[in-house]
Structures are given as C-alpha cells and as structure tokens.
Amino acid sequence: MSEWWRRGAVYQVYPRSFADSDGDGVGDLRGLRAHLDHLVELSVAAVWLSPVFPSPMADFGYDVADHCDVDPLFGTLADLDDLVADCHARGIRVVLDWVPNHTSDQHPWFRASRSSREDPRRDWYVWRDGAPDGGPPNDWRSEFAAVGPAWTYDEPTGQWYLHSYTPQQPDLDWENPEVEAAMHDTIRFWLARGVDGLRIDALQRLAKDPLLRSNAGSDRRHDQDWRTAHERLRGIRRVVDEFPDRMVVGEVYLLDLRRVLAYLAGGDQLHLAHNFVFVHLPWDAGAFRTAIEEFEAQAEPEAWPAWFLGNHDHPRIATRYDDGGHGPARARAVALLLTALRGTPFLYQGDELGLPDAVVPPDRVVDVDGRDPERAPIPWRPPSVAGPGAGFTTGEPWLPLVADAERLCVERQAADPASTLSLVRRLAALRTASPALQAGRQRMLDAAPGVLAWLREDGDERLLAAVNLGLEPRTLAPDEEATLLVSTDPARPSSAVRDLVLQPDEAVLLRLHGG
Ligand code: NOJ
C-alpha cells in the first residue's frame, strides 16, 4: 500500500480556534485531544497543527520564541506527547508546523543578536546599514501590506534588520551554516519524539539573494525563491530521512506552478507542496481544468499532487465562492472535488461544516493582515444549549463565532444526514474504501460547458466525478451504465443514472459499470 500521506486527507487544525479546555477563550491541546473522534469520523490520515510553540503571538504562533517546547496557552510538552500517542492509537499521523524563515523577536537568539554588533549571534539574522539616504538597505517589502518595508531600524546598534513578515518576526540568515545546523536540530527534536512530519512555513522565503539587491528593475524577485532554496531544502530532507516514514509538505507561496514544482523535483526535496495556484482560481470549470492538467503535465511522474482550497490565511471557501448565495452548495461541491482528485486533499478545520467567514467588528480585529474571519472558533454545540461559546469555550472566545453557529455547529450537522458534515464524512469513507480514489489513474473528460468531469480508474474500479461550476443545469451523459455513489445535492434521489441533469453547484461521483 502507498505511503500514508498519499492515501487520506490531511486535516489542518488551527489550535487557537479548535477547542478550548480551560475556559480562557483560546483553543488548546487538551481541547483537541477531547475531540479526536471528530477526526476519526472524517477518516483523516493526518492532522497538521498550526504552531503551538512558545510565542508572544504577534502572528498567532508563527513568531516562535522556542522551537522545542509548547506555549503554556496550548498546554505542555507532555500534552503534545499525549496528543501524538492518542492520534497514533487512532491511526492518525501528526504533522507540526515548522517555521524556519524567522523567529520571534523574543527568541533568545534574536535577543542576543540585537544586543550588540559583536554578539556571536549577530549574524544569525540579517543586519545591514541603511541606504545612503538614511532609508532601509533595499526596497524589499513585508508580505503584509500594513507593515510596509521589510526592514526595521534598531536604535541601540544603529542598523536595520530584515523581516519578511511583521517586525516581531526577524528573518534568520540561512547563509550562516550555524543557523542551518541549529534549525536542523529542531527538526530532530520533534521527529525523535514521534511526530510524523512537518509543514514547512514560507519555504519560498528561505533563500534570498545574498547580495540583497532590490527587486525594482529586475525581472525576478531577489527577496524569495533564490536558487539556493533547493540545496537548503535537500539538507532539510536529509534530516527528515534520518527517521523512517516521515513526510514534509511545503508552503511554497508562489503562483508560478513551474517554480512550485521545482521544490517537488528529484525525490529528495518535498513529498507534497501546497499549490497556491489552486486557491486563487475563480469558480470556473476551465480554470480548474487547466490548473489540474498543468500539474499533471508539468510535474515529474513521481511527484504526487496535493490539493487545497482553504487555510487560515484565506477567506473561507463558502465565502470566497458565495457570489450571491452559492457559498454553501459550492463548499459541498469542493469537498467532493478534493476527495475525488488524484492527490492528497488538505482540509482546513471548519471546511467540513461549510463554515463561512465570521463577521469581525472593528474592535475585535486582532490580525495585522485581515485574516481573523477565517480563524473564527469551531462551533461544536448549539449556543442555545451550550451558551455563547458554542461548546468551543466556556469563556469569552478570542474571536467571534460565525453568525449561524446554531445551525452550522457539529452537533446539529452530525444529527442531519443531509448536512455538509455528513456529506464530508461519506466522501471520506468512500475514499478510504476506494483504491481508484486513493491511487487510481486520472483522465479529464470533455463535458458540457461549465462542467468539470474526470475519470478515476484502478483495475476494475472505474469512477466518474463531475462538478457543475456553471449557472445552468447540464446533462451528464456517461456512455455506459452508471450508479450514483454520492451527490452533493441532498434533494437528489439515489438511483441508477443515464442522463443525469447536474444542477448548478452540484457535484456527483458515479460508479461506471462498463458496456
Ligand atoms: C505563512 C503562514 O501560513 C501565515 O499564517 C504566517 O503569517 C506566515 N507564513 C509567516 O509565518
């Protein structure tokens, strides 16, 4: 059987918003441990945790102050060990978020680095003199528009330091072999504890032009995706390969697929890459078909796709594709799409409920980059029964919940066979039972306008998946006997199908019987 990270879905937990066990309004590891049955019902292969390491939370954990411990807000190292053991007992792998590009400004390495130009850690970070005009050393900008320049002047030592994100996240200098060695040790720390894999944060940022030339006037960027990225990644992979059966998935936030694929090449870099081309697609069958076919055509035959349409940095699927009320149905169609495509599906917590973005009033905004709405806590129980924390917390949730928690919560949806949660559970079970869905060949089909359709085949098992991304009902006419395995439209009766009329926003999975 193929590796675990090819077979089933990876479920992203954003720990602050999953489940709170101690009433402080922020999710924690014990809260997560108490809800592992939810993951079992979704048949996930692995859970990926956004960072749980000690952090001042300037970027909600992506500013790491100690790579080898757990923030008290989330629990203890022992809680994390217990979580790993509990997950393993259920056949679920655990993937941690590893943030190598930067640390918190409160990390002891940066405190030392900042303390004097002579400190041995000075060149663990990127310090430079200002430009002759007194401004920053070059034109690089922070990834967050609100931050502006990627440089901050530090008065005590009279130099500027680089931060690709907030000023509280100084970039490590990976040109320095000591940095590389120290970061490799943080990988060993977690993998030796039994963690099954890493999601590499902001991998494209790990290598920059060592001459720190400005971006302006060049046809390529100098502040990311430098050619040295690949040897650095191979070094990381060698450390990961010291441990059997582990996986690295990289966040390669580049919208040029060829550049993303370079990080998957050769069998000695990533196992999986987040493909952000996909997240930026309009709701259009042609655009989806192109993105899927380009991956299949351009990736090495050994490269394995991974597909996702939502995470903690992007508006929720149900909101992004809402377009005047289509959101709930499209979120269901996306669930089928991700389950039935060749490749590993990544599911962001709450996608299985079809959650929309939460409305966050100005006085509750906490994120520098407008990402609070997609980070709203999971509603577990109806507020009318469990109180305003909806079973997420007994306290005041750190972000407001979604508006319709009463109807969208896990408890209500679990009891309703027509709910999105029930659909996603059914899809996951189908994938678990289907060699064709897990590993079969894939062929895109020419279908009616607006319809994305494809075959998955393994031995005698032949499945046809179709999604209607258009606004008109469209006939799906498989030229052989077929039975309906699942439709995302709860109103559709299950029966044998010849000329099935696919409603707008509906997706189906059919079993083909030949002939
Ligand atoms: C990508 C993460 O997904 C995002 O949440 C974070 O702000 C940046 N990297 C910086 O670590």
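Since every read-out is calculated from the coordinates, none of them should be taken as a lab result. None of these values were measured; they are calculated from a predicted model. Positions of Cβ are generated from backbone atoms using ideal geometry, with glycine treated the same way; all protein chains shown enter the neighbour counts.
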Can you give the relative contact order of the stretch 108-162 as a percent, counting alpha carbon pairs under 8 Å and 6+ residues apart? 31
Using +1 at the C-beta of Lys and Arg and -1 at the C-beta of Asp and Glu, which of Ser218, Pro54, Ile292 has the Cα lying farthest in the positive direction of the dipole of the chain? Ile292
Calculated FRET value between Ala433 and Asp22, using beta carbons and R₀ = 45 Å, to 0.05: 0.70
For Glu480 and Asp185, calculate 0.36 nm times their separation in residues minus their Cα-Cα distance, and state this gained length in nm to one decimal. 100.6 nm
From the Cα gyration tensor of the chain, with a ≥ b ≥ c the square roots of its eigenvalues, which class applies: rounded if a/c is under 1.5, or else prolate if a/b is larger than b/c, or else oblate? prolate
Cβ charges +1 (Lys, Arg) and -1 (Asp, Glu), total dipole of the stretch 108-162, debye: 200
Calculate the length of the line joining the C-alpha centroid of the stretch 198-254 to that of the stretch 392-413, in whole Å. 38
Could you go through the stretch 438-443 in sequence order and give the Karplus-derived ³J(HN,Hα) for each residue, using 6.51 cos²θ - 1.76 cosθ + 1.60 with θ = phi - 60°, rounded to whole Hz, and x for Gly and Pro? 6, 9, x, 5, 9, 9
Given Cα pairs under 8 Å that are at least 6 residues apart, what percent is the relative contact order of the chain? 13
Mean residue ellipticity (222 nm) of the chain, computed from DSSP H runs ≥ 4 via -39,500 (n - 2.57), nearest 500: -7000 deg cm²/dmol
For Met247, other-chain or 5+-apart residues with amide H closer than 5 Å (H placed, Pro excluded) are Gly197, Leu198
Starting with the highest mean, order 451-463, 126-138 by the number of other Cβ atoms within 10 Å, averaged over the residues of each peptide. 451-463, 126-138
Pull up all non-local amide H partners of Met57: gap of 5 or more, or a different chain, and H-to-H distance under 5 Å with H placed in the peptide plane. Asp63
What is the stretch 46-107's relative contact order, in percent, from Cα pairs under 8 angstrom and six or more apart in sequence? 44
Linear extension gain, Glu293 paired with Thr228, 0.36 nm per residue minus alpha-carbon span: 20.5 nm
Assign unit charges at the C-beta atoms only (+1 for Lys and Arg, -1 for Asp and Glu), then state the dipole size of the chain relative to its Cα centre in Debye, rounded to the nearest 20. 980
What size of dipole, in debye to the nearest 20, comes out for the stretch 440-514 about its Cα centre when the only charges are +1 on Lys and Arg C-beta atoms and -1 on Asp and Glu C-beta atoms? 80
Residue-by-residue Karplus 3J(HN,Hα) for the stretch 337-351, coefficients 6.51, -1.76, 1.60, Hz, glycine and proline x: 3, 5, 5, 9, 6, 5, x, 8, x, 10, 10, 8, 3, x, 4
Would you mind getting me the FRET efficiency between Asp81 and Asp499? Use the beta-carbon distance for r and R0 = 45 Å, nearest 0.05. 0.20
What distance in nm lies between label points placed 7 Å from Cα along the C-beta direction at Thr394 and Glu155? 4.6
Could you give the length gained on full extension between Ala418 and Ala89, defined as 0.36 nm per residue of separation minus the Cα-Cα distance, in nm? 115.4 nm
Mind ranking 427-436, 372-381, 240-249 by how tightly packed they are, going by the mean number of other C-beta atoms within 10 angstrom, highest first? 372-381, 427-436, 240-249
Can you compute the modelled spin-label distance between Ala265 and Leu211, with each label point 7 Å from Cα toward Cβ, in nm? 2.3
Taking Cα atoms only, Rg over Rh for the stretch 211-351 with Rh from the Kirkwood formula is 1.01
Could you check the spin-label model distance between Glu175 and Val359? Points 7 Å from the Cα along Cα→Cβ, value in nm. 5.1
If we count every other residue with Cβ under 15 angstrom of Ser43's Cβ, Lys/Arg +1 and Asp/Glu -1, where does the sum land? +3
Mind running the shape call on the stretch 108-162? Use the C-alpha gyration tensor, a ≥ b ≥ c as the square roots of the eigenvalues: rounded below 1.5 for a/c, prolate if a/b tops b/c, oblate otherwise. oblate
Under the rule of at least 5 residues apart or a separate chain, name every residue whose amide H is placed under 5 Å from the amide H of Ala202. Glu251
